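Novice: One structure is given below, represented as structure tokens, and several questions about it will come after.
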Amino acid sequence: MSAPIGATSGRSAALEQSGFGRKFRLVQTHNMAFWVYVLLVVIGLLAMFQQLQSSLVAFEGSLAFSVVLFAAYTVPFWLFLRHIDRFDSVPEKLAGAAFLYGGVVSTFAMATYANNAAISLWGKVNGQQFAADWAAAFTAPITEELANASGMVLLVLLAPRLIRTAFDGLIVGAFLGLGFQVFEDIIYGVNSAFGNFGVDSVASTYTTSVMRVVVGLTSHWTYSAIFCAGLIYLIGRPDEPRRVGRGLFLMVAAMALHGLWDATGGLAGINPILFPLVYILVPLSLIALFVWIYKTSVVTERRWMRELMEPEVALGVLTQADVDALAGSRKVRKAYVKAHEGHKSHVHAKNVLHAAGDLATQIARDGGVETDRVRFARAEVLRVRSA
């Protein structure tokens with residue numbers, strides 16, 4: 001069973017442009033970016049061990065609690081990001097490489113040193129009270145977002161055929177920020193054990209960690225997602241024309257919202273009502289920006305998915321409505337399911353979409369070649385449809 005040549009040419013172009021199904025290979029000995037990545041990870045690991053080694057003995061209970069809590073805390077964020085990347089534009093290994101860079105390199109090899117030095121200078125120039133209220137707000141957004149942006153640049157050099165659009169920048173940036181957020185929260189949890197001269201250290205860690213969990217619902221993963229999407233718009237990619245204004249706006253917006261969040265202490269000193277306003281305004285703004293970038297940038301991914309699956313319409317395996325739902329938004333998929341009357345028909349429609357998604361994944365993994373695995377996945381779609 002083969003589709004018309006015109007249909008398959010569109011599929012080939014979609015696979016080439018999108019990178020769907022293409023694997024990420026971190027070890028690239030011929031690529032200087034790989035050796036820079038390795039060097040920075042080693043430096044970050046050494047810095048992390050140096051910073052945490054005193055806690056390994058004195059507060060091992062607090063360290064263990066923080067690690068377990070934030071490891072569990074990572075799971076729902078990871079699953080959410082994998083879920084919204086419906087077409088697997090960012091392979092799991094690429095997401096893992098981004099998470100590792102954000103957690104080890106950006107946190108320990110870059111931001112920690114830069115923040116400490118800059119905050120110390122703020123204190124010497126403007127006094128300790130100013131440093132306590134405002135230094136983090138003027139420092140962290142710049143050092144931390146640039147640290148994660150360096151990871152974005154390295155990963156583009158390591159995976160130029162995978163990071164093709166602002167959507168990819170959004171997802172990879174979110175994983176960079178998530179790594180930073182989790183490892184930073186572990187530091188906060190462990191450092192809290194030093195309070196009260198180490199008395200009841202686990203309880204102190206518990207209180208701090210729970211607070212970090214709550215305020216982290218919209219934190220570094222959103223800052224870096226927005227910043228890195230803006231970076232992709234700024235530099236441009238083969239399938240994402242440069243939009244300098246949009247890129248700069250998103251990068252500045254991410255840093256401004258980050259700084260506003262870190263300035264809550266200073267703002268509360270000006271007017272107490274500013275504290276709750278910031279705690280409402282910043283998360284809502286971050287969510288709104290994230291959703292806007294997602295809806296704007298995922299359009300290209302959806303077009304590629306349609307082009308990938310159009311040959312199956314020509315073969316009679318799928319209908320145009322099936323392909324539109326597979327490549328469409330959540331609203332489109334819901335309308336597709338509801339168009340079938342009755343509960344059993346709803347379940348059947350969902351099963352057809354699931355089987356069609358498996359077929360798309362297999363076609364992408366096999367590079368559009370007609371393999372036994374692709375034929376089996378196609379047969380499954382036909383079997384589910386006729387059930």
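Novice: In the range 121-153, how many are farther than 27 Å from residue 217 by Cα and not β-branched (Val, Ile, Thr)? Steps first, please.
Specialist: To start, the set of residues in the range 121-153 that are farther than 27 Å from residue 217 by Cα comprises 121-130.
Imposing the further condition that a residue be not β-branched (Val, Ile, Thr) reduces the set to 121-124, 126-130.
Summing the residues that are farther than 27 Å from residue 217 by Cα and not β-branched (Val, Ile, Thr) in the range 121-153 gives 9.
Novice: Can you tell me how many residues within the range 13-39 are in a helix (DSSP H, G or I) and open to solvent by less than 30 Å² (accessible area, probe 1.4 Å)?
Specialist: 6
Novice: Answer yes or no as to whether residue 346 is in a loop (DSSP other than H, G, I, E, B) and in contact with a His (Cβ under 7 Å, 6 or more places away or on another chain).
Specialist: no
Novice: Taking the residues in the range 213-268 that are touching a Lys or Arg at 6+ places or on another chain (Cβ under 8 Å) and either open to solvent by 20 Å² or more (accessible area, probe 1.4 Å) or part of a helix (DSSP H, G or I) (or both) as candidates, determine which candidate is nearest to residue 143 (Cα to Cα).
Specialist: Filtering first and then ranking leaves 230.
Novice: Please specify each residue of the range 334-366 satisfying the condition of being within 18 Å of residue 83 (Cβ to Cβ) and open to solvent by 60 Å² or more (accessible area, probe 1.4 Å).
Specialist: The answer is 334, 350, 354, 358.
Novice: Return only the number of the condition from (1) surrounded by fewer than 19 Cβ atoms within 10 Å (Cβ to Cβ); (2) farther than 23 Å from residue 29 by Cα that residue 93 does not satisfy.
Specialist: (2)
Novice: What number of residues within the range 269-296 are surrounded by 16 or more Cβ atoms within 10 Å (Cβ to Cβ) and either among the polar types (S, T, N, Q) or in contact with a strand residue (DSSP E or B) (Cβ under 8 Å, 6 or more places away or on another chain) (or both)?
Specialist: Total meeting the criteria: 1.
Novice: Among the candidates 369, 299, 384, 317, single out the residue that is farther than 17 Å from residue 13 by Cα and either part of a helix (DSSP H, G or I) or open to solvent by 20 Å² or more (accessible area, probe 1.4 Å) (or both).
Specialist: When all the criteria are applied, what remains is 384.
Novice: List, please: which pairs have Cβ atoms under 6 Å, are six or more places apart or on different chains, and start with a residue in the range 174-193 that is without any contact (Cβ under 8 Å) to a residue 24 or more places away in the chain and closer than 10 Å to residue 219 by Cα and end with one that is open to solvent by 20 Å² or more (accessible area, probe 1.4 Å) and outside any helix (DSSP H, G or I)?
Specialist: The qualifying pairs do not exist here.
Novice: Just one of the numbered conditions (1) touching a residue at least 40 places away in the same chain (Cβ under 8 Å); (2) open to solvent by less than 10 Å² (accessible area, probe 1.4 Å) is not true of residue 135; which one?
Specialist: Answer for residue 135: the failing condition is (1).
Novice: Condition check: closer than 19 Å to residue 387 by Cα, modelled with pLDDT of 90 or more, out of contact with any strand residue (DSSP E or B) (no Cβ under 6 Å at 6 or more places or on another chain) and open to solvent by 60 Å² or more (accessible area, probe 1.4 Å). Does residue 331 satisfy that?
Specialist: So residue 331 fails the test.
Novice: I'd like to check something: does the range 302-313 contain any residue that is β-branched (Val, Ile, Thr), open to solvent by less than 60 Å² (accessible area, probe 1.4 Å), within 24 Å of residue 221 (Cα to Cα) and part of a helix (DSSP H, G or I)?
Specialist: Checking the range 302-313: not a single residue is β-branched (Val, Ile, Thr), open to solvent by less than 60 Å² (accessible area, probe 1.4 Å), within 24 Å of residue 221 (Cα to Cα) and part of a helix (DSSP H, G or I).
Novice: For the range 171-194, does any single residue satisfy the condition of being at pLDDT 75 or above, part of a helix (DSSP H, G or I), in contact with a Lys or Arg (Cβ under 8 Å, 6 or more places away or on another chain) and surrounded by fewer than 23 Cβ atoms within 10 Å (Cβ to Cβ)?
Specialist: Yes: the range 171-194 contains one or more residues that are at pLDDT 75 or above, part of a helix (DSSP H, G or I), in contact with a Lys or Arg (Cβ under 8 Å, 6 or more places away or on another chain) and surrounded by fewer than 23 Cβ atoms within 10 Å (Cβ to Cβ).
Novice: Do the conditions hold for residue 116, that is, is it assigned to a helix (DSSP H, G or I) and either open to solvent by less than 20 Å² (accessible area, probe 1.4 Å) or acidic (Asp, Glu) (or both)?
Specialist: No: the conditions fail for residue 116.
Novice: Continuing with this model, one more query. Look at residue 71 and say whether it is among the hydrophobic types (A, V, I, L, M, F, W, C), open to solvent by less than 70 Å² (accessible area, probe 1.4 Å) and in contact with a helix residue (DSSP H, G or I) (Cβ under 6 Å, 6 or more places away or on another chain).
Specialist: no
The values are calculated or read from the model by the stated rules, or taken from the named source; none is laboratory data. As the structure is a computational prediction, the values presented were derived from the model and not from experiment. In this analysis, Cβ positions are derived from the backbone assuming ideal geometry, glycine residues included, and neighbour counts consider all displayed protein chains. In case anyone asks, the SASA skips ligands and DNA or RNA and just uses the protein heavy atoms, side chains included. Shrake-Rupley method; radii C 1.70, N 1.55, O 1.52, S 1.80 Å.
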